[in-house]
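Single-structure report; data block below.
Nothing in this text is a laboratory measurement; each read-out follows from the coordinates by a stated rule. These figures come from a predicted structure and were not determined experimentally. A quick note on method: Cβ atoms are made from the backbone with ideal geometry, for glycine too, and the neighbour counts reach across all protein chains shown.
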């Protein structure tokens, strides 16, 4: 498997590798021999990491995928160990790795099918003995939420969705009520292996050890004032990448200022496709100014304002593929970029708004546009009209417009520009880009640069 990974990486032109070993190799008697063998035969240097560092990496991965405005208990149930972290998006208050992995606990305590009461009693007591410092941290920081990031937690959530719905939902997009989640853990704990095999959502490799994992979650939910459970699609692997980037890239450290998952996800996508950041940010600011000045006309809310900003930030990422039809490439890249923190409908709106920042108007022959609901198509057309104007205002890509004043009347949208230098290109670009706005809202766009408004 490691040889295949190495060949795949070489095919992508990878020149540097990052491989960490966690508790299974760290504690194995032949762990050192394994690491040396991999180095010799495959050419991969594996770095054993401590449980505490593993917990820190999990925290870094989770906080990039899940908003943590309030202190939460992050739980990553592995085979040999389980990592517990208490923290918010800004601060990790506590992190520890305990030898409470599902496979380890199954081997030590569970020998019957279904599990007998005495085995449950012994395992529950063992958990509580070692969880004391976790309990203390949870109570000290007022934690009311568990965020799980393991395959065990994902399987439990899949069973929850099978039993309680909503049908077809992603386990990562739901918030689970703690009392109801305990119904799932209890069902798993009482089940036989054959019954677990018949339950959709439980991986075959976890049918034996998920009972111990379910009991760990059940003990946490029973003993602590937890009100809800969520899942993170990111954990250790993503945390490794985040840590590497933080340590090695000044450009990526710029992202640390964006603690919100959605905004950070948008900026990461822009950097990935080598965006022209100054132009993107300037167009976004101009688009927001236009949005605010025309609220009485478009009737859209703050949620739409946010989507307009993100669409503006990403509108030119299609240049990464080619200049020609880059607006269409932007549509595809945004649709398929796995932007975190967004509902799929929001991604679809952003992608379409970016697509219509130039060239054709939205049409019934455009598949991605027609896949939207009628209400979403209305939003896209209105937001795209504003983005198109904003793009025209920075036609030069030199951020020549340093102040935009917008005034709406019954007949027209009046734009007054203050620029750093000759505004001819921006005036031409804005007038050329006014077509969708005028067709959508029935108002002319008038552009004015008064004498003395050109600075310098």
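Pairs of C-alpha atoms in the stretch 221-298 farther apart than 16 Å represent 69 percent of all such pairs.
When peptides 49-55, 358-364 are sorted by average Cβ neighbour count within 10 Å, with the highest value leading, the order is 49-55, 358-364. Based on C-alpha pairs under 8 angstrom that are at least 6 apart in sequence, the chain has a relative contact order of 11 percent. Between residue 409 and residue 179, the FRET efficiency from the beta-carbon distance, with R0 = 60 Å, is close to 0.60. Per residue, the average separation of C-alpha pairs within less than 8 Å and at least 6 apart gives the stretch 378-456 a relative contact order of 36 percent.
The calculated P(r) of the stretch 261-378, using every Cα pair and 5 Å bins from 0, goes 2, 12, 23, 26, 21, 13, 3, 0 in percent. When the helices of the chain are scored as -39500 (n - 2.57) per DSSP H run of n ≥ 4 and the total is divided over every residue, the value at 222 nm lands at -16000 deg cm²/dmol. Fraction of C-alpha pairs exceeding 12 angstrom in the stretch 398-452: 65 percent, rounded to a whole number.
Would you work out if the stretch 182-250 is rounded, prolate or oblate? Take a ≥ b ≥ c from the square roots of the eigenvalues of the alpha-carbon gyration tensor; rounded if a/c is under 1.5, else prolate when a/b is larger than b/c, oblate otherwise. Verdict is oblate for the stretch 182-250. For the stretch 84-234, taking the reciprocal of the average inverse distance between every pair of different Cα atoms yields a Kirkwood hydrodynamic radius of 15.8 Å.
Counting every other Cβ atom within 10 Å of each residue's Cβ, 430, 259, 185 order from fewest to most as 259, 185, 430.
Working from the Cα coordinates of the stretch 2-48, the gyration tensor eigenvalues give, after taking √(5λ), semi-axes of 22, 10, 8 Å in decreasing order.
Treating the chain as a set of equal point scatterers at the Cα positions, no solvent, please give the Debye-formula log₁₀ I(q)/I(0) at q = 0.06, 0.14 Å⁻¹. The calculated log intensity ratios at q = 0.06, 0.14 Å⁻¹ are -0.36, -1.24.
Exposure proxy shown here: for 60, 374, 328, 222, the number of other Cβ atoms within 10 Å sets the order, fewest to most, as 374, 222, 328, 60. Take 271-284, 208-221 and order them by the average number of nearby Cβ atoms within 10 Å per residue, most first; the result is 208-221, 271-284. Express in whole angstrom the spacing between the alpha-carbon centres of the stretch 334-384 and the stretch 115-133. Cα centroid to Cα centroid, the span is 52 Å.
Exposure proxy shown here: for 394, 76, 285, the number of other Cβ atoms within 10 Å sets the order, fewest to most, as 285, 394, 76. Per residue, the convex hull spanned by the alpha carbons of the stretch 304-456 comes to 120 Å³.
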